[in-house]
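A short write-up of the structure that comes next.
Throughout, read-outs are computed from the coordinates displayed, never taken from laboratory work. Please read these numbers as outputs of a predicted model, since none were measured by experiment. Note: ideal-geometry Cβ built from the backbone for every residue, glycine included; neighbour counts use all protein chains shown.
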Amino acid sequence: MPEQDKASKNPAKWLLGTLAKSLERIGAEGLYYLEQVGRMGIFLFACLLNVVRPPYKLFPIVRQIHFIGYRSIFVILFTGTFTGMVLALQGYYTLRKFGSEGLLGSAVALSLLRELGPVIAALMVVGRAGSAICAEIGIMRNSEQIDALDCMAIDPYKYLMVPKFVAGIVSMPMLTFIFNVAGILGGYLIGVSLLGVPGGSYFQEMYRSVDWADVEMGLVKSLVFGLLIIWICAAKGFFLHLERSGGFGAEGVSRATTSAVVLSSVAILVWDYLISAILL
Amino acid sequence: MVDAPQKNIAIELIDVERSFGRQQVLKKVNLAVEEGTTTVIVGASGQGKSVILKHMLGLLKPDRGQVLVYGQDLAKLRKSQLKEVRKDYGVLFQNVALFDSMNVFDNVALPLRERTDASEAEIRANVEEKLALMDLEGVNEKYPAQLSGGMKKRVGLARALVMNPRIVFFDEPTTGLDVSKSNEIYRLFHKTQARLKYTAVIVSHDVPKIFKLADHVALISDGVIEGCMSPEEFQLSDNPTIRTFVRETMGPIYCSEEEERFIHEEA
């Protein structure tokens, strides 16, 4: 072992070599993530550029809205109702300690509009549509269908991405709206019908305390989340072949889908905080 | 060439080099494809046939050297210009790469829908015509997963030809097909080229059958092109690499049993 011999003869050199090696690894890691961030940025830019650039095709967008938006309605209604119900239940027992059960309506509405509505609706859409988008595009990448598009002089950004981006940005606020309505009615169901808060004051307090800024915050959040979901999930599928693990085959697609779901869920919660901090 | 001054070069590769990691796959590849002819690139698996094709398609960029398509260097083109070049292309991929969530009709119609303003009736007429040309009737509503390998190839060919391209690329058009299905593909190739007059670049290792289609045969071996010549010249070439390739791939097929024994005894 000549290397070891050298090392024992010159410990300073050996130490330097080890240090350089670990630095090299950190550098390589850093470059990898930097490259990924850059790629994602360029991807988003290309997609948004293609969104505003003609020609505009309505039908593919409608189809995607059907998939991302319309087909999520049931799950959104369901989760929205239960979120509102649990908010009313928890809120009631907290508010009762202060003797202000009458404020239940405004407590439910404000938590839903500003926070829970956009976040939970977005998380549901990640699970339902985001994973599907990532898997679909990843499989297209793996079976050379995206190369085929390129060779047929069909821009994959224009053809595949634009309808999804537009549909995501259009659907998300609407789904959030549905979630909020379902939640408020679910809260009413528990608060008024079960726990005996007077029905008039439930809506009266809500009407008094909710103002435009709350609605606006929810709207901004849902728009940003819609963009984030499609961006991350579509890019993860689109750049499947550049993944470090190689992104090969069914396992490659499954790994990319998992990381797309995790990454977009994390991104939603981080951006939720950032938007709240900026707008409050 | 002095005797053929009017021949146009459709695609030209000049000193193309390309490495993947430490492995140099293409070492100075030079190749010219004349317009209206059929050029076949043969070679053992893993020698870089598909890599050459991907350079011609602009999916890969050379490390050094140029890929010229009608005189334009693909590496220097902007994305929109590359798109213009590719409008003249038709490609039949090795795995066909049909869009598996669309039915046959939509697959073939896609280039028309995305790249032209044709009405749905015009699209229908054009697609039906191309499918009929491929002897594919009554499969419009089927999905790629419901088709046999040979039918997929024919749908792929219909899709490649639907825009009446000037250059058509075939990556291993008969891989995985039995003899009669392969012959079917070759027959369709003949028929469509006679009608549409496209330039064809075929990557294949179906030697010797592929020679019947070829105007020029190029052998890639060890990252270089060994001669680009007519099939007859190719089979009689003195070049040792080509001789070895011809002997290995097609020697016994053309021999009767007695001759074969003779060859084996000699060797």
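For chain A, relative contact order (Cα pairs under 8 Å, six or more residues apart, normalised by length) works out to 29 percent. Here the spin labels are modelled as points 7 Å beyond Cα on the Cα-Cβ line, and at A:K57 and B:N239 they lie 4.3 nm apart. Exposure proxy shown here: for A:V253, B:V179, the number of other Cβ atoms within 10 Å sets the order, fewest to most, as B:V179, A:V253. Calculated on C-alpha atoms, the gyration radius of chain A divided by its Kirkwood radius gives an Rg/Rh of 1.15. For chain B, the 222 nm mean residue ellipticity estimated from helices alone, with every DSSP H stretch of n ≥ 4 adding -39500 (n - 2.57) and the total spread over all residues, rounds to -11500 deg cm²/dmol.
In the P(r) worked out for the protein assembly as shown, what percent of Cα pairs fall beyond 44 Å? The proportion of pairs with Cα distances above 44 Å equals 37 percent. For region A:228-238, backbone phi angles converted through the Karplus equation (6.51, -1.76, 1.60; θ = phi - 60°) give residue-by-residue couplings of 4, 4, 5, 4, 5, 5, 5, 5, 4, x, 5 Hz, Gly and Pro being listed as x. Helical runs (DSSP H, four residues minimum) scored at -39500 (n - 2.57) apiece and divided by the length of chain A put the mean residue ellipticity at 222 nm at -26500 deg cm²/dmol.
Each Lys and Arg Cβ is given +1 and each Asp and Glu Cβ -1; about its Cα centre, chain A then shows a dipole of about 160 debye. Gap in Å between the Cα centre of region B:47-64 and the Cα centre of region A:223-269? When both Cα centres are located, 28 Å separates them.
Projection of the Cα convex hull of region B:101-164, averaged over all directions and equal to a quarter of that hull's surface, yields 4.0 nm².
Sorting B:D171, B:D73 from the fewest to the most surrounding beta carbons within 10 angstrom yields B:D73, B:D171. Taking the fewest neighbouring Cβ atoms within 10 Å as the starting point, the ordered list for B:I202, B:I242, A:I178 is A:I178, B:I242, B:I202. For chain B, the C-alpha radius of gyration sits at 1.06 times the compact-globule guess of 2.2 N^0.38 Å, with N the residue count. Summarising the amide proton neighbourhood of A:M152: residues at separation of 5 or more, or on other chains, whose placed amide H is nearer than 5 Å comprise an empty set.
Taking the Cα centre of chain B as origin and assigning +1 to Lys and Arg Cβ atoms and -1 to Asp and Glu Cβ atoms, the resulting dipole is close to 1180 debye. Per-residue 3J(HN,Hα) values for region B:34-48, derived from phi via the Karplus relation 6.51 cos²θ - 1.76 cosθ + 1.60 with θ = phi - 60°, read 7, 5, x, 10, 10, 10, 10, 9, 10, x, 5, 4, x, 8, x Hz in sequence order (x marks Gly and Pro).
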